[in-house]
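Colleague: My questions will all concern the structure given below.
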Amino acid sequence: MAADEPRQIRIFDTTLRDGEQSPGASMNLAEKLKIASMLADLRVDVIEAGFPIASPGDFEAVREVASQIRSSVICGLARCGDADIDRAWEALQPAAQPRIHVFLATSAIHREFKLQMDKEEIIRRAVAGVQRAAGYCSDVEFSPEDAARTEPDFLCRVVEAAIAAGATTVNIPDTVGYATPEHMGKVIRDLVSRVPNIGDAVISVHCHNDLGLAVANSLAAVENGAGQIECTINGIGERAGNCSLEEVVMAMRTRADYYKTDTRIVSQRLVPASRLVSGITGLHVQRNKAIVGRNAFAHEAGIHQDGMLKEASTYEIMRPQDVGFFNTDLVLGKHSGRAALADRATTLGYQLDDAQLKSVFADFKVLADKKKEIYDSDIVALIEQQNWLQSPGWTIESYQMQTESGQTPQVRLTLRHGERTETREMACGDGPVDAIFLAIEELTGYEVRCVEFSVHSVSVGRDAQGEVNVEVEYQGQRFRGRGISTDSVEASAHAFLEAINRIIAIQEATKARQ
Ligand code: KIV
Ligand code: ZN
C-alpha cells in the first residue's frame, strides 16, 4: 500500500443474522436470498448468513446463500461447542469462501451469571472451539461476547489464546451497547499494544446501538487499528440495533481526509439496499435517518435552498446520487415506455428479467392511469410489490365495498389460489378495513389477531400510493405483511393477505419437514 493510499476496511454485514434478531424482523428463505444477492452487489466483504444450529430455517439459509453467492465470504455463527461448529460447517459446505464465526462470553457478568465458568474454563473452551473450527476451515473468526465489559487483562489473554489456536479474525463486540468512543478506542488500542500475536489476525468490531453510539464506537475502533466493521443495513438488529452499514461506510468515505480509510462498498446501491431491507422486514426507516432517510438530502429552509442553488456544497457534504438518490425524482408518466421503465429500474438498483419487466410494466400502466406523476418511490414500490405477487398463496382477484355512515360495511371479495377462486359477500366490520380483514379470514379459514397496523404514503400528492404494514398474531407467533396501492383498503387487504400467506407457508414447510 502506498503511503497516501487509504487503508481498506472490511465490511462484515450481519443483517441476515444479528439484523434478523430485531423483534418482528424474521425473514423467509426467499427474502434472505434477495438480501444476500443485494449485499453481494453492494460488495460487502463478508455476509453473515445465519446461526445454523439455531433452527432448520437458519441452516437452510446459510446453505443456500453459500451456494448462490460466490463473491463474498459467507459466514455461519456457532457457539464454542462441537455440535454448533459441526452444524455451521455442514451448512457452509457449498461456500466458495467459507468462514466459521465462534463466540463465547468473557465478561465477569456473563461468566458468573450466564455461564457459571471461571476464567480458565473460558480460555479452555474458546481455544477448543477455535481449534475445532480451524480444523475445518482456514477462515475462523472468534468473538469474546461482551468484550467491551470484559476486564482488559483477561480480554488480552483470551484474544492471544484464540489467535494462537487459529483465529484469523478477532471480533470485539460491544454486545450491550455500553461503550463510548473513547472507551472503544482504548479497548482496541490495548489489544494492539499488549497482545503479542495480534499481527496474525484482523481486529474486528461489533457495536450495538443502545446509547446511539454504535457508528461512533466503530469509527473509534477503526482509528485505533480495527480492520473490519460488523454492521447491518439500516442499523437493524437486537434491541436498538447494530452499527448502520450506510452510515459507517459514508462516514469513512466522506471523511477520508480524516480517517484515511475506505471500503469496497458501491455506495450508489445504499438507498436501494435500505429500501429492500425495510420492505422485507417491515422496519421503517425514519425520515431523518442519515444517508438513506427520505429527508437526508431535503432542504427546507429558504436560506439553505438559496445556498444550494448557488453551490450545492454550501449545505451538502455528500451528493445524493452517490448514495443512490437521484436528482430527477419526478420521472415517468402515462406515456413512458417499457425501455424508460427498464432504464429507471436499473438506475434504482433493480435488474429485471424480461418476464419481471413485462409484469412490472403492466402494473405501471395501471398505476399511470390512476396517478399522473410516477415518482422513483412509486417504481420501487411497484417492483417490490411484484415480488410479493410472485410469492405463492392467495391473491386478490377483486373486491367491492359499500359503506354508508352509520351502516355496517358491505363487502364482496374474490380471492384466487392457483386455479381456484372463492368469493364471499358479507356485511361485517367496524369500517371498510375491518370488513375486508374479516372477509379474508372467512375465505382463507385463518383467524388471526391484528396487533399492528400502519399506513404511510409512498410518494407525494393526494393521489399518492399508500403503503400498509400489518403484524398479526397466530398461535403465539407474529407474522408481517405489506401492501401498496392508491386505494388504502386494497393496500390493507394485500398486507393482511400477505401475513396469512406467510402463516400458510410456514405451516406447509413444517409439515414437509415432518
Ligand atoms: O453482540 C454480540 O456480541 C454478537 C456476537 C455473537 C458477535 O452478536
Ligand atoms: Zn450482536
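Colleague: For the stretch 275-285, which residues satisfy the criterion of being more than 16 Å from S26 (Cα to Cα) and out of contact with any Ser or Thr (no Cβ under 7 Å at 6 or more places or on another chain)?
Modeller: Initially, the stretch 275-285 is screened for residues more than 16 Å from S26 (Cα to Cα), giving 275, 285.
Scanning the stretch 275-285 gives a single hit, R275.
Colleague: A further question on this structure: Going through S107, S71 one at a time, which residue ends up being exposed (fewer than 15 other Cβ atoms within 10 Å of the Cβ), more than 19 Å from I280 (Cα to Cα), in the same structural domain as D210 (by TED's automatic domain parsing) and of a type outside the set (D, E)?
Modeller: The conditions single out S71.
Colleague: Testing A167 on (1) within 16 Å of ligand 1 (Cβ to nearest atom); (2) open to solvent by 10 Å² or more (accessible area, probe 1.4 Å); (3) closer than 18 Å to C80 by Cβ, one condition comes back false. Which one is that?
Modeller: So A167 meets the others, but not (2).
Colleague: Now for a different question. State which residue pairs qualify: first residue over 26 Å from T444 (Cα atoms) and inside the stretch 396-408, second residue open to solvent by less than 100 Å² (accessible area, probe 1.4 Å) in any location, beta carbons under 9 Å apart, and separation of 6 or more residues or different chains.
Modeller: E404/Q410
Colleague: Still on this structure, I have one more. Residues in the stretch 206-213: is at least one on the phi > 0 side of the Ramachandran plot and assigned by TED's automatic domain parsing to the domain that holds L115?
Modeller: We begin by selecting, within the stretch 206-213, every residue on the phi > 0 side of the Ramachandran plot; these are 212.
Now drop any that are not assigned by TED's automatic domain parsing to the domain that holds L115, which leaves 212.
Looking for residues that are on the phi > 0 side of the Ramachandran plot and assigned by TED's automatic domain parsing to the domain that holds L115, one finds at least one in the stretch 206-213, hence yes.
Colleague: Can you name the condition, by its number, that I291 falls short on among (1) under 19 Å from E20 (Cα atoms); (2) free of Cβ contacts under 8 Å to residues at least 60 places away in the same chain; (3) among the hydrophobic types (A, V, I, L, M, F, W, C)?
Modeller: (1) is the only condition that I291 fails.
Colleague: While we're on this one: Among the strands (runs of 3 or more DSSP E) confined wholly to the stretch 406-514, which include 1 or more residues that are modelled with pLDDT of 90 or more and open to solvent by 60 Å² or more (accessible area, probe 1.4 Å)?
Modeller: Fully inside the stretch 406-514 and qualifying: 410-417, 420-427, 449-457.
A quick yes/no check of all residues on (1) surrounded by fewer than 18 Cβ atoms within 10 Å (Cβ to Cβ); (2) in contact with a Pro (Cβ under 6 Å, 6 or more places away or on another chain); (3) in a helix (DSSP H, G or I):
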| site | (1), (2), (3) |
| --- | --- |
| E20 | no, no, yes |
| A36 | no, no, yes |
| L39 | no, no, yes |
| V44 | no, no, no |
| E48 | no, no, no |
| D58 | no, yes, yes |
| G76 | no, yes, no |
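Colleague: Among (1) within 11 Å of ligand 1 (Cβ to nearest atom); (2) closer than 27 Å to D86 by Cα, where does A148 come up short?
Modeller: (2)
The rows are residues; the columns are (1) within 16 Å of ligand 2 (Cβ to nearest atom); (2) open to solvent by 30 Å² or more (accessible area, probe 1.4 Å); (3) farther than 18 Å from T14 by Cβ.
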{"site": "A96", "(1), (2), (3)": "no, yes, yes"}
{"site": "H101", "(1), (2), (3)": "yes, no, no"}
{"site": "E145", "(1), (2), (3)": "yes, yes, no"}
{"site": "R149", "(1), (2), (3)": "yes, yes, yes"}
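Colleague: Okay, moving on. Can you report the number of residues in the stretch 21-56 which are under 25 Å from K511 (Cα atoms), in contact (Cβ under 8 Å) with a residue 60 or more places away in the chain and not hydrophobic (A, V, I, L, M, F, W, C)?
Modeller: Residues that pass the stated criteria total 6.
Colleague: Do we find a residue being assigned to a helix (DSSP H, G or I) and at pLDDT 95 or above anywhere in the stretch 5-17? I'd like the intermediate steps shown before the answer.
Modeller: Of the residues in the stretch 5-17, the ones assigned to a helix (DSSP H, G or I) are none.
No, that holds for no residue.
Colleague: Starting from residues that are closer than 14 Å to T15 by Cβ and free of Cβ contacts under 8 Å to residues at least 40 places away in the same chain, keep the ones in the stretch 62-81 and report whichever is farthest from ligand 2 (Cβ to nearest atom). Reasoning before the result, please.
Modeller: Step one: filter the stretch 62-81 for residues closer than 14 Å to T15 by Cβ, giving 62, 65, 69, 72, 74-75, 77.
With free of Cβ contacts under 8 Å to residues at least 40 places away in the same chain added as a condition, the list becomes 62, 69, 72, 74.
Values: V62: 17, I69: 22, S72: 19, I74: 18 Å.
Among those that are closer than 14 Å to T15 by Cβ and free of Cβ contacts under 8 Å to residues at least 40 places away in the same chain, it is I69.
Colleague: Among the residues of the stretch 4-17, is any open to solvent by 20 Å² or more (accessible area, probe 1.4 Å), within 16 Å of ligand 1 (Cβ to nearest atom), of a type in the set (S, T, N, Q) and within 20 Å of E141 (Cβ to Cβ)? Give the derivation first.
Modeller: Narrowing the stretch 4-17 to residues open to solvent by 20 Å² or more (accessible area, probe 1.4 Å): 4-8, 10, 17.
Going one step further and asking which of them are within 16 Å of ligand 1 (Cβ to nearest atom), we end up with 10, 17.
From the residues that got through so far, the ones that are of a type in the set (S, T, N, Q) too are none.
The answer is no; no qualifying residue exists.
The values are calculated or read from the model by the stated rules, or taken from the named source; none is laboratory data. In this text the structure is predicted, and so the values were computed from the model without any measurement. Note: ideal-geometry Cβ built from the backbone for every residue, glycine included; neighbour counts use all protein chains shown. Calculation scope for accessible area: heavy atoms of the full protein, side chains included, ligands and nucleic acids excluded. Shrake-Rupley method; radii C 1.70, N 1.55, O 1.52, S 1.80 Å.
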